[in-house]
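S.K.: This structure is in structure tokens; I'll ask about it shortly.
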Amino acid sequence: MNDLSPSMARRLAGIAFALAPVYPAAATAGQPVVTLTPLTATTLTLPADGEAVVQYLATNQSNLAHAFAMTPIAGVALEPGSGHCTAPFVLAAHASCVLALHFTGSAMNGDVHGGPLVCINDNPLACWQPTADAQLHVTLLPAQVATIAATPAALTIAVGSTAVITVDNAADSPVAAEGLAVEVPPASSILVDLGSCAAPLAPAASCTIVIGGSAAETATLVIAGEHTTTAEVVVTLVDDVVFEDGFDFMPSA
């Protein structure tokens, strides 16, 4: 076979170069296309009834724009905000956004160790996560519940008068009793003033609720808050005066 002339060799080389495939590449060979740099602590404990936010800075390290998506995690949503990544999110070359992960303990399936995992166009073969020391480590704890009690457990008051119920948060409660409220039966005439119980009630502390009513009745009031036990008080409203043998008195419960 005859050798190619120099000019023919140059022509064939040019054709081969033109037909060679072109692949998008990271900024530097061996580096991830997207990096996730922690902006907050990534190791935390979370009560099963709690919420928390962990943030990463997601940066496109390539010279091309890419669309990215985070692999879903049960109980975790992307928190909206200025400069935050959306689902999915598009980053221009070397651009960044804040990947804000909102954890809701009650919606999680269990502890989270590893991730978050971010892929190009949902491609499971093109995914990256933070370095080992920056990956998620979220441990779920049992819900913390305040133990409350109400006294007296039953009381009788005159129609048009008021009475006081004392609510105690146990000394060994792990948290304050917050959001205390009183559930009154439908159609009841009983009125409630939360009084000092409108504020968070620390462990080993007490507060008072004032109640009254405008009609004779017996009703069970249920007192509870956010992440507390419940306490019940049976209230009997009676006509304020009963005449018997010339004396005025209020009947006993």
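S.K.: Across bins of 5 angstrom width beginning at 0, how are the C-alpha pair distances of segment 101-253 distributed, in whole percent?
M.R.: P(r) for segment 101-253, in whole percents per bin: 2, 8, 14, 13, 11, 9, 8, 7, 6, 6, 5, 4, 3, 2, 1, 1, 1, 0, 0.
S.K.: So for segment 32-141, averaging the separation of alpha carbon pairs under 8 Å that are six or more residues apart and normalising by length, what relative contact order in percent results? Walk me through the numbers on the way to the answer.
M.R.: Values: 258 pairs, mean separation 38.6, N = 110.
Across segment 32-141, relative contact order equals 35 percent.
S.K.: Could you tell me the extents of segment 32-141's C-alpha atoms along the three principal axes, largest first, rounded to whole Å?
M.R.: Taking the Cα atoms of segment 32-141, the three principal extents are 43, 27, 22 Å.
S.K.: Subtract the Cα-Cα distance of Val90 and Ala77 from 0.36 nm times their separation in residues, and report this length gain in nm to one decimal.
M.R.: Values: separation 13, 0.36 × 13 = 4.68 nm, distance 1.75 nm.
Answer, rounded to one decimal: 2.9 nm.
S.K.: If I model a spin label at Gln144 and Ala132 as a point 7 Å from the Cα along the Cα→Cβ vector, what separation in nanometres do I get?
M.R.: Each label point is offset 7 Å from its Cα along the Cβ direction, giving 3.3 nm.
S.K.: Quick check on packing: order 205-215, 124-134 by the mean number of other C-beta atoms within 10 Å, highest mean leading.
M.R.: Working: 205-215: 17.5, 124-134: 13.8.
So the peptides 205-215, 124-134, ranked by packing, come out 205-215, 124-134.
S.K.: Just grab the label-to-label distance for Thr229 and Val98, each label 7 Å out from Cα along the Cβ direction, in nm (one decimal).
M.R.: 4.1 nm
S.K.: At q = 0.13, 0.31 Å⁻¹, what log₁₀ I(q)/I(0) does a Debye calculation on the Cα points of segment 144-191 give, no solvent, two decimals?
M.R.: The calculated log intensity ratios at q = 0.13, 0.31 Å⁻¹ are -0.42, -1.27.
S.K.: Where does the charge balance sit around Val222 when Lys and Arg score +1, Asp and Glu -1, over other residues with C-beta under 13 Å from its C-beta? Walk me through the numbers on the way to the answer.
M.R.: Numbers: positive: none; negative: Glu183, Glu232.
Summing Lys and Arg as +1 and Asp and Glu as -1 gives -2.
Since every read-out is calculated from the coordinates, none of them should be taken as a lab result. Just so it is clear, the model here is predicted, and its values are computed rather than measured. Cβ coordinates were reconstructed from backbone atoms using ideal geometry, including for glycine residues, and neighbour counts include every protein chain displayed.
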